[in-house]
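The values are calculated or read from the model by the stated rules, or taken from the named source; none is laboratory data. In this text, all values refer to a predicted model and were calculated from it rather than measured experimentally. Cβ coordinates were reconstructed from backbone atoms using ideal geometry, including for glycine residues, and neighbour counts include every protein chain displayed. The protein model used for the area step is the full one, side chains on, heavy atoms only, and it has no ligands, DNA or RNA in it. Shrake-Rupley method; radii C 1.70, N 1.55, O 1.52, S 1.80 Å.
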Amino acid sequence: MTSLPLPFRVAAGLAATAIERARELPEKLVGLPVTVASQAMQLSMRVQQEITALAIKGDEALASFRPVEETPEWATFDEDIDAYDVSRPEPADAGTNGAAVPDPWEMEESAIAEAERTPPPAGVPNYDELSLPQLRARLRTFSKAELEELLRYEEANAARPSFIGMLTRRIASVAAASPPDQQ
């Protein structure tokens, strides 16, 4: 078989490619809006980047014509201040006695937290330091009233779900085990 001339073979290849593309067209039409939107967004972002780059170059060029603004003395930010002196609003000289004065905001927050905190129950002065197993070991020694006091204290302070659940179950079991006149 003799080979056909190149232009004829190229034309046949183009026709075959056109037919294949025409068959794929319905599938591509579904994704066409997404593709167009994506390309439009990419173009928009490139334009924005170019405009920003030009603005930065313009700022650099114009900066040589404008005098440099000095930062006013009163303009300070929290991250610029290392230590605080409670008696004065300006930064303290931490080098006078070698130690920095604590932040007044932290002091106020800790004072508020301490004032809101209720004292631990009388029967368990170290209640806050007890782990769940340590408290569980001591539960049998408490009356229903003491258990209810512990539960109120837990709910008002740490409100740990495991402690609240254990105390609630223990109160229920003590109430069920004791006669109604001793509750």
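The table for this structure:
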| read-out | value |
| --- | --- |
| The stretch 1-55, accessible surface, carbon-and-sulfur percent (1.4 angstrom probe) | 70 |
| Nearest-10 value in Å² for the accessible area of Lys28, using the 1.4 Å probe | 120 |
| Spin-label model distance (nm) - Thr2 vs Met107, 7 Å beyond Cα toward Cβ | 10.7 |
| Solvent-accessible surface ranking, highest first, for Leu147, Leu4 at 1.4 angstrom | Leu4, Leu147 |
| Probe 1.4 Å - accessible area at Val174, Å² to nearest ten | 30 |
| Added length on full extension, which subtracts the Cα-Cα distance from 0.36 nm per residue, Asp59 to Ala37 | 4.6 nm |
| Calculated FRET efficiency for the pair Val47/Ala15, C-beta based, R₀ 35 Å, to 0.05 | 0.35 |
| Probe 1.4 Å - accessible area at Asp103, Å² to nearest ten | 40 |
| Amide N of the stretch 33-60 lying under 14 Å from the label point, which is placed 7 angstrom from the Cα of Arg66 along Cα→Cβ | 55-60 |
